[in-house]
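The values are calculated or read from the model by the stated rules, or taken from the named source; none is laboratory data. Bear in mind that the values here come from a model prediction, so they are computed numbers and not experimental data. Virtual Cβ from ideal backbone geometry, glycine too; neighbours counted across all protein chains shown.
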Amino acid sequence: MARRGWDIPDYDPGPKGFFANQGDGNFGADKIIIKPIGFVNSPFQDSRHVPIQPIGMNDTEGSIDILSEYAEGLEGLEEFSYIYVVYHLHRRPQRVSLRIKPFMAPKEVGIFATRSMERPNPLGVSVLQLVAIEGNTLKVRGMDILDGSAVVDIRAYSPNFDRVPD
């Protein structure tokens with residue numbers, strides 16, 4: 001199966017390159033290295049206490065400390081009420097399941113039809129209310145992320161573009 005855009009025969013990444021040599025003269029991304037842009041400060045120390053479906057019932061507050069080299073990227077974010085936070089599930093179960101029975105569901109389904117942490121790639125996505133920005137720190141509400149989780153991306157949530165009409 002072709003990985004369009006990932007196999008670049010003439011690309012030389014150099015010593016700090018992104019692509020890994022596959023041994024055939026081509027470079028491909030069988031592993032992707034993602035650097036954290038910040039870290040979560042949350043009251044949740046154990047995944048058993050994190051709200052299962054936080055929307056509409058979670059007023060838990062927390063914060064995200066953005067590393068200083070990424071602080072400039074926060075400019076303009078204060079204009080948004082909600083943000084997507086993409087983070088590393090650093091304390092997820094070690095098992096990966098392609099089929100799972102979700103909480104309160106009548107039957108087993110594929111992992112991509114769930115919000116389970118037992119995913120092939122340990123990434124979580126949350127929509128949090130942005131309460132304030134103080135320097136490099138985002139104050140948020142609706143926290144459903146474990147304390148210490150590495151944040152890998154933040155995106156502004158816009159109901160005009162992100163909400164699908166019924």
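Could you check segment 156-166 and list, in sequence order, the residues that are touching a strand residue (DSSP E or B) at 6+ places or on another chain (Cβ under 7 Å) and either within 20 Å of Asp46 (Cβ to Cβ) or not in a strand (DSSP E or B) (or both)? First the steps, then the outcome.
Of segment 156-166, the ones touching a strand residue (DSSP E or B) at 6+ places or on another chain (Cβ under 7 Å) are 156-157.
Result: Tyr157, single match.
For segment 112-121: of the residues being crowded, with 16+ Cβ neighbours inside 10 Å and of a type outside the set (Lys, Arg), which is nearest to the chain's Cα centre (by Cα)?
Our first condition is that a residue be crowded, with 16+ Cβ neighbours inside 10 Å; within segment 112-121, this holds for 114, 116-119.
Keeping just the survivors that are of a type outside the set (Lys, Arg) gives 114, 116-118.
On the way: Thr114: 15, Ser116: 13, Met117: 12, Glu118: 14 Å.
Selected residue: Met117.
Tell me which residues, restricted to segment 40-64, are crowded, with 16+ Cβ neighbours inside 10 Å and at pLDDT 85 or above.
If we filter segment 40-64 for residues that are crowded, with 16+ Cβ neighbours inside 10 Å, which is where we start, we get 40-42, 44, 50, 54, 58, 60-64.
Listed by number, the residues that qualify are Val40, Asn41, Ser42, Phe44, Thr60, Glu61, Gly62, Ser63, Ile64.
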